[in-house]
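Have a look at the structure below, then the notes.
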């Protein structure tokens, strides 16, 4: 229908035009509706791939070491030795997460927090569900401080001296094994497993709690 500029259509023509417009709209509506139904009938939803289950996920590789975690060998003043297998946290995201939200920790396992240079950073236990012991250790392996940390507390645990590596273990682990300030830890496997000392290694993903 052509619109007449500046005037109106006569009443008869307007009525006919309105009837034609309604008929045209009904016809178009029928076509559109039919097309939509046809599309719905033939279009299939895109299948989503199943999410990975624990069994399907690839095994976590700690800093390029497959199968076993690096170990720290501690030596007491009287020559006794004890080993602790450790996960490596040597990036800011891994250090910030630490052992948060872990419901448990094997008695012979812990986590080594590694820095590129000596630091004096404090630790707290926000969202950490299990009590822990921590040892602050110089780059040469000498323990400069050990502390006990209660679960889900916000008290800062400030080291007594600068350190290069901090190692968390289950509560009381250091005292149970007769370790104290001045004792020595062999950190060679920790440094070998860290991407800080070996740029070719890719920092490991955080393990699932």
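Compute the length gained on full extension between residue 161 and residue 68: take 0.36 nm times their separation in residues and subtract their Cα-Cα distance, giving the result in nm to one decimal.
Values: separation 93, 0.36 × 93 = 33.48 nm, distance 3.12 nm.
Result for the pair: 30.4 nm of gain on full extension.
What share of the DSSP beta bridges in the range 71-193 is antiparallel, in percent to the nearest 5? Before the final figure, lay out the partial values.
On the way: 27 of 32 bridges.
Roughly 85 percent of the DSSP beta bridges within the range 71-193 come out antiparallel.
Could you give the length gained on full extension between residue 140 and residue 76, defined as 0.36 nm per residue of separation minus the Cα-Cα distance, in nm?
On the way: separation 64, 0.36 × 64 = 23.04 nm, distance 1.51 nm.
Extra length from residue 140 to residue 76 when fully extended: 21.5 nm.
How big is the Cα convex hull of the range 98-165 in projection, averaged over all directions, in nm²? If you can, show how the numbers build up before the last one.
Details: hull surface 17.7 nm².
With every direction weighted equally, the projected area is 4.4 nm².
Restricting everything to alpha-carbon atoms, can you work out Rg to Rh for the range 65-134 with a Kirkwood hydrodynamic radius? Each step should come with its number before you reach the end.
Values: Rg = 13.4 Å, Rh = 13.8 Å.
Result: Rg/Rh = 0.98.
Tell me whether the range 71-193 comes out rounded, prolate or oblate; compute the Cα gyration tensor, take square roots of the eigenvalues as a ≥ b ≥ c, and use a/c under 1.5 as the rounded threshold.
Working: a/c = 1.42, a/b = 1.24, b/c = 1.14.
Rounded, because the longest to shortest axis ratio a/c is under 1.5.
For the modelled label position 7 Å from the Cα of residue 91 along Cα-to-Cβ, which residues of the range 107-141 have backbone nitrogen atoms closer than 18 Å?
Residues 112-117 qualify, since their backbone N sits under 18 Å from the label point.
What ranking do 180-187, 118-125 get when scored by the average of other Cβ atoms within 10 Å per residue, highest first? Numbers along the way, then the final one.
On the way: 180-187: 17.1, 118-125: 15.2.
Averaged packing, sorted descending, gives the order 180-187, 118-125.
Where a number appears in this text, it was derived from the coordinates with a stated rule and is not lab data. Keep in mind that this is a model prediction, so the values were computed, not measured. We place every Cβ from the backbone using ideal geometry, glycine too, and count neighbours over all the protein chains shown.
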